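Below: the structure, in structure tokens.
The values are calculated or read from the model by the stated rules, or taken from the named source; none is laboratory data. If you're wondering where the values come from, they're calculated on a predicted model, not measured in any experiment. Note: ideal-geometry Cβ built from the backbone for every residue, glycine included; neighbour counts use all protein chains shown.
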Amino acid sequence: MNEFAKGEVWLVGAGPGDAGLLTLHAVEALKAADIVVHDALVSAEVLAYTAGAELVLLGKRGGMPSPKQPEINARLVAEAKAGKRVVRLKGGDPFMFGRGAEEVLALVAAGVKFRVIPGITAGIGGLAYAGIPVTARDFNSSVIFLTGHDHTGLSPEGVDWAAVGKAAGMIVLYMAMRHMDEIAKKLIAGGMPSDIPVAVVMNASLPDMKVLETTLENAAADIAASGIGAPAIVSIGGGNLLREQMT
């Protein structure tokens, strides 16, 4: 492992929740850190790997008061400039819908050295815990990862949903719970079968993980009826059918 020098910021992927999915680099970074600036969804089991570091919660939760990204960026820069070893601990992978790129660019602009330690993203590892492979030879040879909302909090307008529905063997949606009805209608209007299997995985990889199996047409109503909520990953595609054999 590279030396974690004072005045550096390491962006570390915490994985989907289960502390056993941390990489060796992630564990060593947490042990060496002076301060850990972490997301709201990072589990206590993961944070337990720190060795006396100051823990600072600066996480975003949809629909709740949350720190603004410039505030987080400024805190990372300030702590590094103060000569601390700073871990920015992010759920999943820093570069998978985690705004890690924005934080890196802020560090670059401030002249702060950094390192990125990838993590297991919930859209792969979390689904695997639920018995859902994102690729399977008999079902799909492609997968598309999408965020369910843009920077405004609305479903992303820049997505060609009809093209996505035709191109993807499997669609994996992050942060899509609030807009599932709208997304489903757009995909169906674009030609995707209304009865295509959908799985919703809440608290992926954790002991309280819940899985809802439904169809695209019924997804929004079934989510509301079941009480399942965020944080959750939504997978759309035939590969969901393998869950019955894999769990």
Residues that are buried (at least 17 other Cβ atoms within 10 Å of the Cβ) and closer than 16 Å to Val134 by Cβ: does the range 179-191 have at least one?
no
Would you mind stating whether Glu217 is in a loop (DSSP other than H, G, I, E, B) and not assigned by TED's automatic domain parsing to the domain that holds Gly98?
yes
Residue match in the range 129-141 (condition: outside the structural domain of Arg85 (by TED's automatic domain parsing) and part of a strand (DSSP E or B)):
yes
Return the pair list, or none, for Cβ contacts closer than 6 Å from residues in the range 67-88 that are more than 21 Å from Leu41 (Cα to Cα) to residues that are at pLDDT 95 or above and of a type in the set (Val, Ile, Thr), at least 6 apart or on different chains.
Val77/Val112; Glu79/Ile35; Glu79/Val86; Ala80/Val9; Ala80/Val86; Ala80/Val112; Lys84/Ile35
Flagged in the range 142-179 as at pLDDT 95 or above and more than 20 Å from Thr121 (Cβ to Cβ), in numbering order, are none
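Is one or more of the residues making up the range 78-87 out of contact with any His (no Cβ under 7 Å at 6 or more places or on another chain) and within 22 Å of Tyr174 (Cβ to Cβ)?
Taking the range 78-87 and keeping what is out of contact with any His (no Cβ under 7 Å at 6 or more places or on another chain), we get 78-87.
Still in the list and also within 22 Å of Tyr174 (Cβ to Cβ): none.
No, every residue in the range 78-87 fails to be out of contact with any His (no Cβ under 7 Å at 6 or more places or on another chain) and within 22 Å of Tyr174 (Cβ to Cβ).
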